[in-house]
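Q: This is the structure, below, for whatever I ask next.
What follows is calculated from the coordinates using simple rules that are stated; it is not laboratory data. Predicted model only: the values in this text are computed from it and were never measured. Virtual Cβ from ideal backbone geometry, glycine too; neighbours counted across all protein chains shown.
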Amino acid sequence: MSETVKRSNPLVWLIDPLKSTASHADPAYRFSWSQAAWLLPLAIGIAGLVVSAVGWATDSHQFYFSYLIGWAFCLSIALGAYFFVVIQHLTKARWSVVLRRIPETLLWSFPLLAILSIPVILGMHDLYHWTHHDLIDPASPTYDPIIAGKAGYLNTPFFLARLAFYFIVWTVVSHKLYSLSIKQDVDPDASIPQRLRKTSAIGLVLGAISTAFAGMDILMSLDPHWFSTIFGIYFFAGSFMVIMAVMALSAMLLQRFGMLKGVIKIDHYQDLGKFLFGFTVFWAYIGFSQYMLIWYGNLPEETLFYRHRLEHGWETFSAILLLGHFIIPFVVLIGRWSKRLLPLLGFMCVWMMVMHWFDYFWVAAPVLHGDHATMSLYDIAAWLGLFGVFAGAFMYRLSRHPLVPQRDPRLHKSLTFTNT
Amino acid sequence: MGTVQSTQSSRPRSNNPLTSISTDAAMLNQLARDVKASMSIYDAGEDQVYGLLAEFAHPGELLHAAEAIHEAGFRHFDTHSPFPIHGMDKAMGLGNSLVGWITLGGGITGLSLATLMQWWMGAVDYPINISGKPFFAIEPSIPIMFELTVLLASLATAAGMFALNGLPRPYNPLFYSKNFARVTDDAFFLHIAASDRKFDQETTAQMLQELGASNVETIHDHGEEDQD
């Protein structure tokens, strides 16, 4: 670490590993909102988690599923940020430099998310059917040969070891990307862009493998008979889509409160809109590829996943997902005008974030309520609770550093970027 | 055609039917000229004058000149440079390309054709039972529908692009200018066509000089016969 950027104290480290560099920020890139603004989303988050705690006390089975969906939602935003930053460095992207601090700040969500995973680990017995020992004991009357066959991979110690491995990879790569970029703000060094690129190259490979497996472990194994080799990409598609919505909304909020005026322009929003549109379509493409192969193959343990989601009222939820996650955003976002009309783009960003959560709900909730479709109040409470805490920590970090990588050699190109 | 007729019927009847026919013909000619002008194909004016070609030293000067020419009300003009200049579309007042609508048309045609084809071949013309699957189902048809949508949309885009920009264009009267050969190297040109309603050889040339053109020359369209 350099002279000017120091490690923060161990208590704050979990939220922000670096001491504040806000005093070094150029006036144009300063966080001028109240320093306590982050307490607002945190308060909403804590309120949501208190309601969730009531859910845990009364109906713990429901609570664990609600919590898992909300937690996976926050994790996917952090992973989307991870991939966005890595890809920008590797492609030496110029247009996105003014936006990059937003996903960079989201990168350091992994340590907090690791702490927040404790209820998921405590609830594994309720969440993951394959954790039940009687299923893999040949002498037991409930012996399940399919799950017993998968026990070499789907067992609690290995699951926890994998989860730990993913979080270590994500945290180490994120720490490097985050701290190097902040260091560049105050102490520019010509070698930094190249070091960021090198980290990104390794980070992309490790991130791709760990994200694919994390998606399968966390969400796919909820239904342990079922398997789909494309599920990792499905998980990635959603997270890379939602990060565009989060970035555009964060930028709009910052500008609403008088920051980054004239720095982030309509041309940058239009490009975020293009990505949002593109990865909504990509999500549909991957989701359909999964569905079509299962439809064609017609194997019992594969078709069951869709069978569960097409009966007992879940067919309505499936229709809403198709309409709200693909058809409506496709029609709305295809035009150039809609991506340059900020109120509409902002609405679609909120819409897509809700739909992204709904996608995970659609994957997880039918496992719990297979025989009647229902959405619980605790689903919403856990989602808002976790997202509030997540957003509060994000705003706290954002307020401590310049809002733009202000000494990035490509910043000038980003400031003058125009979209034809 | 339809718009011409409707303006005709709303107009008071002319005593002489011959004049109204000639006005219609003139309007059609004007329409054809404007469409061709949008593809940078201009008709020569009196004495085979094709227009004025002004040379500028820098891309920035060309951009500002184009802006000024557009503001002065000229529509039949085009710019030529060795590389694309950012902001030129806006400076020339070109607006958004219409090619997106042609793409949409191609895409919808592809989607409908593929749906029809899948249904007709699978369920009507040659139904075969393959592992008990329905003769026509939307699931296996979507890849075909998607591919044909993309194929026809992209073909329509390429065709529409060539139709709207008037390319390829092996003969262009601008090739009569010796200077114009440098357009692929280091020169920046603005061409105002004689067919423009505001065109006047003297005043337009003077205006171009005032905009900073280093050289303004009059181009004559001699036709294709003496190109050797």
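Q: Among A:Thr303, A:Phe83, B:Gly122, flag the residue with its Cα farthest along the positive direction of the charge dipole of the protein assembly as shown, charges on Cβ as +1 for Lys/Arg and -1 for Asp/Glu.
A: Of the candidates, A:Phe83 comes out farthest on the positive side.
Q: Here is a further query. Return one number: the angle in degrees, 0 to 90 and rounded to the nearest 10, between the long axis of the Cα atoms of helix B:59-71 and the longest principal axis of the Cα atoms of chain B.
A: It works out to around 90 degrees.
Q: Does a label point 7 Å from the Cα of A:Ala28, set along Cα-to-beta-carbon, have any residues of segment A:94-109 with amide nitrogen under 14 Å, and which are they?
A: A:97-99
Q: Could you tell me which of B:Phe135, B:Tyr176, B:Gly73 has its Cα farthest along the dipole of segment B:39-228 towards the positive end, charges placed at Cβ (Lys, Arg +1; Asp, Glu -1), taken about the Cα centre?
A: B:Phe135
Q: Holding the Cα-Cα limit at 30 Å, pick out from A:Lys150/A:Lys176; A:Lys92/A:Lys274; A:Lys183/A:Lys261; A:Lys183/B:Lys90; A:Lys198/A:Lys261 the pairs that are longer than that.
A: Correct reply: A:Lys150/A:Lys176; A:Lys183/B:Lys90; A:Lys198/A:Lys261.
Q: Excluding residues on the same chain fewer than 8 positions from B:Lys36, give the aspartates and glutamates whose Cα lies under 17 Å from its Cα.
A: Reachable aspartates and glutamates: B:Asp78, B:Asp196, B:Asp221.
Q: Where does the protein assembly as shown land at 222 nm, in deg cm²/dmol rounded to the nearest 500, when only DSSP H runs of n ≥ 4 count, each adding -39500 (n - 2.57), divided by all residues?
A: So the helix-based figure for the protein assembly as shown works out to -19500 deg cm²/dmol.
Q: Let me check I've understood the local charge: for A:Pro329, count other residues with C-beta under 13 angstrom from its C-beta, Lys and Arg +1, Asp and Glu -1. What total comes out?
A: That works out to +1.
Q: Give, in nm to one decimal, the length gained when the segment between A:Asn298 and A:Leu310 is fully stretched (0.36 nm per residue of separation minus the Cα-Cα distance).
A: 2.8 nm
Q: Another question about this same structure. Could you tell me the center-to-center distance, by alpha carbons, between segment B:131-152 and segment A:125-142 in angstrom?
A: With segment B:131-152 and segment A:125-142 each reduced to a Cα centre, they are spaced 41 Å.
Q: Could you tell me whether segment A:22-174 comes out rounded, prolate or oblate from its Cα gyration tensor? Rule is a ≥ b ≥ c as square roots of the eigenvalues, rounded for a/c under 1.5, then prolate if a/b exceeds b/c, otherwise oblate.
A: Oblate, since a/c reaches 1.5 and b/c is not below a/b.
Q: Next question. With angles folded into 0 to 90 degrees, how steeply does helix B:138-165 sit against the dominant principal axis of chain B? Use alpha carbons for both and round to 10.
A: The helix B:138-165 is inclined about 10 degrees to chain B.
Q: Where the only charges are on Cβ atoms (+1 Lys, Arg; -1 Asp, Glu), what is the dipole of segment B:118-228 about its Cα centre, to the nearest 20 debye?
A: 620
Q: Now for a separate question. Could you calculate the contour length gain from B:Leu164 to B:Leu151, that is, 0.36 nm times the residue separation minus the distance between their Cα atoms, to one decimal place in nm?
A: The span from B:Leu164 to B:Leu151 would gain 2.7 nm if fully extended.
Q: In a shell of Cβ-Cβ distance under 13 Å around A:Leu112, excluding A:Leu112 itself, what net charge do Lys and Arg (+1) and Asp and Glu (-1) give?
A: Net charge in that neighbourhood comes out at 0.
Q: Also: Measure out, as a whole number of angstrom, how far apart the alpha-carbon centroids of segment A:53-98 and segment B:180-214 sit.
A: 58
Q: Apply the membrane-span-like helix rule to chain A: whole DSSP H runs, Cα extent along the own long axis of at least 30 Å, mean Kyte-Doolittle hydropathy at least -1.0. List the helices found.
A: Qualifying helices, which must be both long enough and hydrophobic enough, are A:60-90, A:156-186, A:192-218, A:231-256, A:266-297, A:342-368, A:377-399.
Q: Would you mind working out the magnitude of the charge dipole of segment B:39-228 relative to its Cα centre, with +1 at each Lys and Arg C-beta and -1 at each Asp and Glu C-beta, to the nearest 20 Debye?
A: 1080
Q: Taking the Cα centre of the protein assembly as shown as origin, work out the dipole magnitude from +1 charges on Lys and Arg Cβ and -1 charges on Asp and Glu Cβ, in debye rounded to 20.
A: 2000
Q: Using only Cα atoms, locate the centre of segment A:319-377 and the centre of segment A:163-194, then give the distance between them in Å, rounded to an integer.
A: 33
Q: Hey, with R₀ at 30 Å, roughly what FRET efficiency would A:Phe257 and A:Ile327 work out to, going by the Cβ-Cβ distance, to 0.05?
A: It comes to 0.30.
Q: Report the local net charge at B:Ser38: Lys and Arg +1, Asp and Glu -1, summed over other residues whose C-beta lies under 14 Å from its C-beta.
A: Summing Lys and Arg as +1 and Asp and Glu as -1 gives -1.
Q: Which shape class, rounded, prolate or oblate, goes with chain A when its Cα gyration tensor gives a ≥ b ≥ c as root eigenvalues, a/c under 1.5 marks rounded, and past that a/b bigger than b/c marks prolate?
A: Since a/c reaches 1.5 and a/b is larger than b/c, the shape of chain A is classed as prolate.
Q: Which of A:Ile118, A:Ile168 comes first, and how do the rest follow, when ranked by fewest Cβ neighbours within 10 Å?
A: A:Ile118, A:Ile168
Q: Please determine, in degrees from 0 to 90 and to the nearest 10, the orientation of helix B:17-38 with respect to the longest principal axis defined by the Cα atoms of chain B, where the helix direction is its Cα long axis.
A: 80
Q: When all C-alpha to C-alpha distances in segment B:39-154 are sorted into bins of 5 Å, what percent of pairs does each bin hold, rounded to whole numbers?
A: Values per bin, smallest distances first: 2, 9, 13, 12, 9, 8, 7, 7, 7, 6, 6, 6, 4, 3, 1, 0.
Q: Follow-up. Give me A:Trp295, A:Trp170, B:Trp120, A:Trp357 sorted ascending by neighbouring Cβ count inside 10 Å, so fewest comes first.
A: The most exposed by this proxy come first: B:Trp120, A:Trp295, A:Trp357, A:Trp170.
Q: May I ask you to derive the FRET efficiency for A:Ala57 and A:Tyr285 from their Cβ-Cβ distance with R0 = 45 Å, giving the value to the nearest 0.05?
A: The computed FRET efficiency comes out at 0.60.
Q: I've got another one for you. What is the calculated FRET efficiency for B:Gln201 to A:Asp189, with r their C-beta to C-beta distance and R₀ = 56 Å, to the nearest 0.05?
A: 0.35
Q: Can you sort B:Thr79, A:Thr211 by how many other beta carbons sit within 10 Å, fewest first?
A: B:Thr79, A:Thr211
Q: From the square roots a ≥ b ≥ c of the eigenvalues of the alpha-carbon gyration tensor of segment A:327-420, which class results: rounded (a/c under 1.5), prolate (a/b over b/c), or oblate?
A: Because a/c hits 1.5 or more and a/b fails to exceed b/c, segment A:327-420 counts as oblate.
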